[in-house]
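The values are calculated or read from the model by the stated rules, or taken from the named source; none is laboratory data. Model, not experiment: these values are computed from the prediction. Note that each Cβ is placed from the backbone with ideal geometry, even for glycine, and that neighbours are counted across all protein chains shown. The accessibility values were calculated without ligands, DNA or RNA, using every heavy atom of the protein model including side chains. Shrake-Rupley method; radii C 1.70, N 1.55, O 1.52, S 1.80 Å.
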Amino acid sequence: MNIALVLAAGSGTRMNNEQPKQFIMVKDKPLFIYSVETFQKNKDIDAIVIATSNEYIDYVQNKCEQLLMSKVKAVIEGGETRQASVYNGLKQIEKMISSPKDLVLIHDSARPLVSQRIIDENIALAKQYGAVDTVIPASDTIVKSMDEETLGDILNRSELYQTQTPQTFEFGIIKDAHEKALKEKVPNVTDDCKLAMLYGTKVYFVKGDKFNFKVTTPEDLDLFKALVK
Ligand code: CTP
Ligand code: MG
């Protein structure tokens, strides 16, 4: 069984918009629906769980019904941090799976242009290795700065990648990592692969896609709107 966990519980502070960015209407539908539709259409996805903030649960449920997103089996309350939202999603998914080897694809609803190829490759590789990230090679040289003013380290571009989502895991692996992190009070980690690696899981990667960018700032939103025009 392959379940998509779509995260839509953030508040979008960097977007500086009245409502959270995932609910901004783009063409005829809210932004979060774009990725939900892509999971809905994928033949290997069995169910979709959406985490959102309490005040949007009814809205998300209604929109999904209206748009015939029949694989959306649960809309649950997220948490204060991304990590907490994922954990709440995992607790819901635990009730739905039949084996700890079932796969969970964790996806940011703020990445509306995830592709079928990316989903297919996540599933194929996670079946084989248990933990998968989606990354693209860095195209700009990346530098580190310690003081926010001057260059520190200039990093070696050929070794650097930017991570995207989905990040896909066997349920047992990611649930364990989250529970250990909770027990050890590991502070908010915005990346599930980082959590899995913290507890010794080797993470393989599939190639992402520039179009699978995260809508974070008003400029990103303009770009997304131009692409779907
Ligand atoms: N997310 C979530 N629960 C949170 C925080 C984030 O489900 N408590 C989700 C967001 O809805 C988003 C994804 O995680 O789809 C990636 O996070 P990010 O782009 O950082 O979104 P926000 O946290 O909403 O934005 P910002 O950091 O600018 O406030
Ligand atoms: Mg955030």
Does region 76-91 include one or more residues that are touching a Pro at 6+ places or on another chain (Cβ under 9 Å), aromatic (Phe, Trp, Tyr) and within 16 Å of ligand 2 (Cβ to nearest atom)? no
Which one of these is β-branched (Val, Ile, Thr), touching a helix residue (DSSP H, G or I) at 6+ places or on another chain (Cβ under 6 Å) and open to solvent by 30 Å² or more (accessible area, probe 1.4 Å): Ile76, Ile24, Ile3, Ile97? Ile97
Assuming Gln128 fulfils every condition listed in (1) within 20 Å of Ile106 (Cβ to Cβ); (2) open to solvent by 20 Å² or more (accessible area, probe 1.4 Å); (3) within 16 Å of ligand 2 (Cβ to nearest atom) apart from one, which condition is it? (3)
Quick check: anything in region 47-67 open to solvent by 80 Å² or more (accessible area, probe 1.4 Å), more than 9 Å from ligand 1 (Cβ to nearest atom) and of a type in the set (Lys, Arg)? no
Look through region 129-145, keep the residues that are out of contact with any Leu (no Cβ under 8 Å at 6 or more places or on another chain) and in contact (Cβ under 8 Å) with a residue 60 or more places away in the chain, and return whichever of them is farthest from Glu170 (Cα to Cα). Ile136
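Checking the structure you have, find out if any residue of region 144-162 is of a type outside the set (S, T, N, Q) and touching a His at 6+ places or on another chain (Cβ under 8 Å).
no
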What is the number of the single condition among (1) within 16 Å of Gly79 (Cβ to Cβ); (2) away from ligand 2 (no atom under 16 Å from the Cβ) that Lys41 does not meet? (1)
